[in-house]
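Before any comments, here is the structure.
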Amino acid sequence: MENAKKNSENLAPQEHEIRAGKPKYDGPEGLRDLLLHELKSMYYVEKLLVKSFPKMIKHACNYELIEAITLHSADTKKQIIRIEDTFSALEHRPIFDRNKAVECLLDEIDEIVELTKFGIVRDAGIILALHKIEHYEVATYTILSTYAENLKNYSIQALMEASLNEEKVAQMRLAKIAQTIQFYDAQML
């Protein structure tokens, strides 16, 4: 505990040091910058998911779940292109910012795989974690669409809404699959 306190004191800026401040978002230009900032995060999320989907498919056993992940993988590839088009519309090169929230949710899937046997309980865990990710994406695309509308950039708004609609469909598919998971052993109740 003492060492942790010493280390944090060493990281604290000294009084004579000058801290470079990050620009603060404000006004229409600030809203555009905020949209761009969140777009970088979503670019990372979508790229990360495309890499993660094959592993999820490998560990799933429910045909509908495998199909849902496969379909959403194709949609996610289209979403990446839309994000790149949005960067282009904003005259910015496509780059990403790390998204720790979604990384944690993907780690949750890995943990579920480790803690469960191949079967419906594992599928239930994958569905739950994926549904959380879809919820995050729906929330983000909803607000990015609203920001684009506020900035009167209707082409970007249309791109965000197209991705939003795909995320909502994926979320509904997962919820429907979750409802089909049933245990037939009466002793389990």
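No lab work stands behind these numbers, since they all come straight from the coordinates. The structure displayed is predicted, hence computed values, not measured ones. Every residue, glycine among them, receives a Cβ derived from its backbone with ideal geometry; neighbour counts consider all protein chains shown.
Of note:
- Matching residues, segment 24-58, being buried (at least 20 other Cβ atoms within 10 Å of the Cβ) and either hydrophobic (A, V, I, L, M, F, W, C) or touching a Phe, Trp or Tyr at 6+ places or on another chain (Cβ under 7 Å) (or both): 35, 39, 42, 43, 45, 49, 56
- Among the residues of segment 135-183, those identified as acidic (Asp, Glu) and closer than 16 Å to residue 38 by Cα are 137, 149, 161.
- Yes/no for residue 93 being in contact (Cβ under 8 Å) with a residue 24 or more places away in the chain and of a type in the set (Lys, Arg): no
- Residues in segment 151-168 that are touching a residue at least 24 places away in the same chain (Cβ under 8 Å), in a helix (DSSP H, G or I) and more than 15 Å from the chain's Cα centre (by Cα): 155, 156, 159, 162.
- Flag: residue 96 matches the condition of being farther than 23 Å from residue 174 by Cβ and surrounded by 16 or more Cβ atoms within 10 Å (Cβ to Cβ).
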